[in-house]
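The values are calculated or read from the model by the stated rules, or taken from the named source; none is laboratory data. Remember, it's a predicted structure, so these values are computed and weren't measured experimentally. Please note: Cβ atoms are built from the backbone with ideal geometry, for glycine as well, and neighbour counts cover all protein chains shown.
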Amino acid sequence: MLLKPKMKILFQGDSVTDCDRSRENDDYLGYGYPSYVAAELKDMELTFVNRAVSGERVSDVYARREKDIFEVKPDIFSILIGVNDTWRRYDENNPRTAEEFETIYRGLLDEVKERLPGVPIVIMAPFVLEVPDKKHWITEDLCFKQDAVRRIAKDYADVYIPLDEIFKAEFDRHEDIYYLSGDGVHPNETGHKLIAKSWIDAVK
């Protein structure tokens, strides 16, 4: 069990984590899975900080690492990143190879290991659900970044959460393809609760 009372947990990532969190008040975690995690673990006297930013890729997280990781000084570092490293290929014609993605991600975690020694790292796999307009994303691009995250997790993660597998299994159980997400990328309430439960089960 990684969690101990009075720890500070930092959530990093993109819109899947951001969820309109406050930029002025760390107490407001947004409407997504970080808030569900905090509510479920409220009796442990933990501090939760959400510094995710919508639309970001792994290079953006790396660029703001000083203010939004190292100045926070977390006791646990949790990150979910990668879907926009795929998405930008399709909406902006700005692709990023899996090799580039992996190099930047490893560079970020090398610094986390060096500057926050002993701080556990929780890595979550990026996911896209097989909705009609995004099925091709998975086989054309995202699957290679998911493979990269699995390799990274073996080298850096204290806890690895395969959200791609978890979401696919839940997705396949329901006739409604929008059961977990309206667009295949951003979870709805049910999707966020699934992430929160997966996070708590893995970390606690």
By residue number, the members of segment 5-52 that are under 23 Å from Val112 (Cα atoms), surrounded by fewer than 18 Cβ atoms within 10 Å (Cβ to Cβ) and without any contact (Cβ under 8 Å) to a residue 60 or more places away in the chain are Pro5, Lys6, Arg23, Asp26, Thr47
Kindly indicate the residue of segment 123-147 that is among the basic types (Lys, Arg) and either closer than 30 Å to Asp158 by Cβ or free of Cβ contacts under 8 Å to residues at least 24 places away in the same chain (or both) and also surrounded by the most Cβ atoms within 10 Å (Cβ to Cβ) among those meeting that condition.
-> Lys145
Some residue of segment 77-95 being surrounded by fewer than 22 Cβ atoms within 10 Å (Cβ to Cβ), out of contact with any Gly (no Cβ under 9 Å at 6 or more places or on another chain), at pLDDT 95 or above and polar (S, T, N, Q) | yes
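Would you confirm, using the coordinates I've provided, whether Val112 is surrounded by 18 or more Cβ atoms within 10 Å (Cβ to Cβ) and modelled with pLDDT of 95 or more?
yes
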When segment 148-175 is examined, which residues are found to be in a helix (DSSP H, G or I), free of Cβ contacts under 8 Å to residues at least 24 places away in the same chain and not basic (Lys, Arg)?
-> Ala169, Asp172
If we keep only residues of segment 148-175 that are under 14 Å from Glu130 (Cβ atoms) and basic (Lys, Arg), then the residue surrounded by the fewest Cβ atoms within 10 Å (Cβ to Cβ) is Arg173
Ser54 being touching a helix residue (DSSP H, G or I) at 6+ places or on another chain (Cβ under 6 Å) and of a type in the set (S, T, N, Q) = yes
Taking segment 76-89, which residues are closer than 25 Å to Cys143 by Cβ, outside any loop (DSSP other than H, G, I, E, B) and either among the polar types (S, T, N, Q) or in contact with a Lys or Arg (Cβ under 9 Å, 6 or more places away or on another chain) (or both)?
-> Ser78, Val83, Asn84, Asp85, Thr86, Trp87, Arg88, Arg89
Filter segment 176-201 for residues that are among the β-branched types (Val, Ile, Thr) and either over 16 Å from the mean Cα position of the chain (by Cα) or part of a loop (DSSP other than H, G, I, E, B) (or both); the one that is surrounded by the most Cβ atoms within 10 Å (Cβ to Cβ) is Val185
Checking Lys73 against (1) surrounded by fewer than 20 Cβ atoms within 10 Å (Cβ to Cβ); (2) at negative phi; (3) touching a Lys or Arg at 6+ places or on another chain (Cβ under 8 Å); (4) not β-branched (Val, Ile, Thr), the condition it does not meet | (2)
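Take the conditions acidic (Asp, Glu) and touching a residue at least 12 places away in the same chain (Cβ under 8 Å) and apply them to Glu56. Does it pass?
Spelling it out, Glu56 is indeed acidic (Asp, Glu) and touching a residue at least 12 places away in the same chain (Cβ under 8 Å).
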Take Asp91 and decide whether it is of a type outside the set (Lys, Arg) and more than 22 Å from Leu163 (Cα to Cα).
-> yes
Kindly indicate whether Met7 is of a type in the set (A, V, I, L, M, F, W, C) and out of contact with any helix residue (DSSP H, G or I) (no Cβ under 9 Å at 6 or more places or on another chain).
-> no
